[in-house]
Amino acid sequence: MTRTRSTGLALGAVGTVGVALALGATPAAAADTATVSVLHAVPDTPVDVYANGERLIDDFQPGTLTDPLELPAGNYDLALFAADAPDGSGTPLLSANGVAVPAGANATVVAHLTAEGQPALTPFVNDTSAVAAGEGRVTVRHTAAAPAVDVRAGGQVVVPGLTNPDEASLTVPAGTVSADVVVAGTDTVAIGPADLTVQEGVTTIVYAWGSAEAGYELAVQTVSAGHSAPSGVPGGSAGLTDDDGFPAPLAALSLAGLAVAGLSVRRLVASRG
């Protein structure tokens, strides 16, 4: 199992935020583009997203993920306003000017709550490295207003003590995993159980998000990953095994510029706990 920690950025109610991030360059991306997605996982907070003065997402609802887009590398001015603010007027909830989107990145940026319930933006590198034939990768990301959790598959703990905003990755045979999320060290179920379909050569990313007041959700994203030459394809239900691979090369990326991926949005596949 690979476990990593991502640095969350708390959002002030008003102000300008510009942050540089480290995100893995991926050979699948074109030389002059980046592949990015944005997940809205702050409960009860719809927003409008503007880039370079143009509204790109109208009424961006919690539980929604932008379609992955290959964006031209370049600089963008970004502002987030309360949903349906007229013409982006007034003071934005968040803004950042002249932010750079470099070529070759594959990432998802999540607007979510910290463990203490404060709004935050957290960037995650999407692992597109190869897996063995007949296998897929499962990545679990804790982005909920909740303390540490254990992730279970088939009733057995496979990711213990995961804290917000950390993630953990495992390889699994292609198939179906019955998973749930419990309060760490207990059998108290917070989310699930839910059946998770794992596809060969795909990274399936599961987000735990929400809050006790608004309810907890599971959101699922899939990202293509490479695979090695076939040497036999396992069948049946998937059992979780250790994954030692994670992309090493890093390149600078500005977080705020990723929100321009919102040219097209779709409702995330999600299960309410």
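Quick note: the coordinates plus some simple rules give every number you see, no bench work behind them. These figures come from a predicted structure and were not determined experimentally. Reconstructed Cβ throughout: ideal geometry from the backbone, glycine too, with neighbour counts over all protein chains shown.
Observations, loosely collected:
- Shown for 54, 217: other C-beta atoms within 10 Å of each C-beta, ranked fewest to most, produce the order 54, 217.
- The stretch between residue 75 and residue 214 holds 46.5 nm of extra length on full extension. This uses 0.36 nm per residue minus the Cα-Cα distance.
- Computed from point charges on the beta carbon alone (+1 for Lys and Arg, -1 for Asp and Glu), the dipole magnitude for region 62-186 about its Cα centre is near 280 Debye.
- A Förster radius of 22 Å, combined with the Cβ-Cβ distance separating residue 32 from residue 54, puts the computed FRET efficiency at roughly 0.55.
- Overall form of region 108-198 per C-alpha gyration tensor (a/c, 1.5; a/b vs b/c): oblate
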